[in-house]
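Input: a single structure, listed below in structure tokens.
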Amino acid sequence: MKSFLKIYTEQKSQVDKKLSVILKKREPKSLYGPADYIIQSPGKRLRPILVLFSAKAVGLNFKDAYNTALSVELLHDFTLVHDDIMDNADTRRNRLTVHKKWDTNTAILVGDVLLAVAYELLTKDIKKNEKKIVSAFTKGLVEVCEGQSLDKDYELRKDVSLSEYIFMIQKKTAAMSEMCCKIGALLGDGKKEEVKALSNYGKYLGIAFQIQDDLLDIVGDENEFGKKIGGDLIEGKKTFLFINALEKSKGISKKKLLEVIKNKGIKEHELEFYKKIYTDLGVLESAKNEIEHYTNKALLGLKILKKKEDRDFFTWLAYSLIKRTN
């Protein structure tokens with residue numbers, strides 16, 4: 001039997017190959033050139049992989065799910081382009097963001113057209129459950145927007161709780177992976193309990209993935225992570241780690257953390273000081289425990305899947321994401 005990494009890599013290569021030609025013949029180049037630039041940027045292609053393997057788990061061939069898989073990657077890229085504008089980010093995956101390489105107006109249009117082409121591709125593979133699939137895709141998009149809005153709201157608040165944070169990332173990050181698994185299962189006309197199990201897998205995996213992202217922002221390697229280490233603290237973002245630290249802290253530690261909110265971030269030279277606060281408060285371990293908790297929740301319902309190979313692949317994927325460095 002092929003290793004799961006090899007199977008994943010083969011399907012990622014197929015997705016990359018299909019993405020490389022999807023916009024090539026479209027005009028005007030002033031729009032589709034920058035759009036092609038963002039979809040060609042290196043990535044894990046996790047979301048299309050979730051579509052493909054969820055479809056496979058309920059009996060569909062990969063070849064009958066590629067357009068739908070591509071559609072979720074374009075939807076994801078749409079969110080990245082617009083997120084980068086809102087965050088005024090300079091780089092994404094070690095490359096200039098679209099609004100920095102071109103301009104903001106171009107980036108807005110690029111995001112819009114990626115979303116439109118995503119819908120165009122979504123329906124090409126559908127043989128059954130069209131209404132449910134389009135509805136799930138749209139619901140995922142709406143929740144991502146709601147999550148992004150909540151994230152911006154939280155920037156202005158001093159009293160965000162961990163439960164509120166989990167609710168926000170469930171929308172901003174996990175809704176997308178939940179949607180990918182759900183539409184894959186619906187595309188293959190899976191049974192109701194299979195669709196539910198795979199949807200839950202995507203949801204809880206997405207929450208674990210985001211908390212891991214928060215953790216990597218502090219402990220990751222900048223070259224592998226593809227973003228500036230400590231960027232969340234420098235920008236004053238309320239991540240799982242920051243909120244957890246604020247809830248646990250007392251005295252001088254609490255005072256210094258409240259200064260992060262007041263000053264809307266920290267200076268780069270202060271990073272090691274705040275990393276020590278996190279370490280002393282046990283926040284890094286709390287994050288690791290929470291990642292494991294949501295990963296286990298993701299795996300809980302997979303016993304409903306018929307084939308051991310499919311159950312084992314999703315288990316391998318979940319634990320690979322826990323151990324990732326980027």
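Taking amide H as placed 1.01 Å from N in the peptide plane, the amide H of T91 sits under 5 Å from that of T97, each at least 5 places away or on another chain. Taking all Cα pairs closer than 8 Å and separated by 6 or more residues, the relative contact order of the chain comes to 18 percent. One way to sum up the overall shape of the stretch 237-282 is the equivalent ellipsoid from its Cα gyration tensor, whose semi-axes run 14, 12, 10 Å, largest first. Each Lys and Arg contributes +1 and each Asp and Glu -1, all at the Cβ; summed about the Cα centre of the chain, the dipole is approximately 880 debye. Stretching the chain fully between R26 and N296 yields a gain of 92.8 nm (0.36 nm per residue, less the alpha carbon separation). Think of the stretch 209-326 as a dipole: +1 on every Lys or Arg Cβ, -1 on every Asp or Glu Cβ, centred on the Cα centre; then among L302, L271, G230, L302 lies furthest on the positive end.
Each of Y274, Y319, Y154 was scored by other Cβ atoms within 10 Å of its Cβ. Listed from fewest to most, they are Y319, Y154, Y274.
The modelled label-to-label distance between Q40 and M86, using points 7 Å beyond Cα along the C-beta direction, is 2.8 nm.
With neighbour counts taken as other beta-carbon atoms within 10 Å, the residues S161, S199 rank, fewest first, as S161, S199.
Go through K132/K307; K128/K308; K12/K131; K196/K303; K17/K127; K139/K307 and tell me which ones have a Cα-Cα distance over 21 Å in this structure.
On the way: K132/K307 25 Å; K128/K308 26 Å; K12/K131 28 Å; K196/K303 12 Å; K17/K127 24 Å; K139/K307 29 Å.
The pairs that break the limit, which is 21 Å between Cα atoms, are K132/K307; K128/K308; K12/K131; K17/K127; K139/K307.
A simple rule links phi to the HN-Hα coupling: the Karplus curve 6.51 cos²θ - 1.76 cosθ + 1.60 with θ = phi - 60°, which for the stretch 178-189 gives 4, 4, 4, 5, 5, 6, x, 5, 5, 4, x, 6 Hz, with x for Gly and Pro. Near K237, no amide H atom lies under 5 Å from its own; only residues 5 or more places off or on other chains count, and H is placed 1.01 Å from N.
Each of F137, F313, F62 has some number of other Cβ atoms within 10 Å of its Cβ, and from fewest to most they run F62, F313, F137. Note on the chain: helix-only mean residue ellipticity at 222 nm, from DSSP H runs of 4+ residues weighted -39500 (n - 2.57) and normalised by residue number, equals -23000 deg cm²/dmol. With a simple spin-label model that places each label point 7 Å from the Cα along the Cα-to-Cβ direction, the separation between K196 and L162 comes to 2.8 nm.
Got a sec? Charge dipole of the chain, +1 on Cβ for Lys and Arg, -1 for Asp and Glu; which of G190, V219, Y204 is way out at the positive end? Checking the options against the dipole of the chain, the answer is G190.
Read the figures in this text as sums done on the coordinates, not as results from a lab. Only a predicted model underlies this, so the values are computations on that prediction, with no experimental measurement involved. Cβ coordinates were reconstructed from backbone atoms using ideal geometry, including for glycine residues, and neighbour counts include every protein chain displayed.
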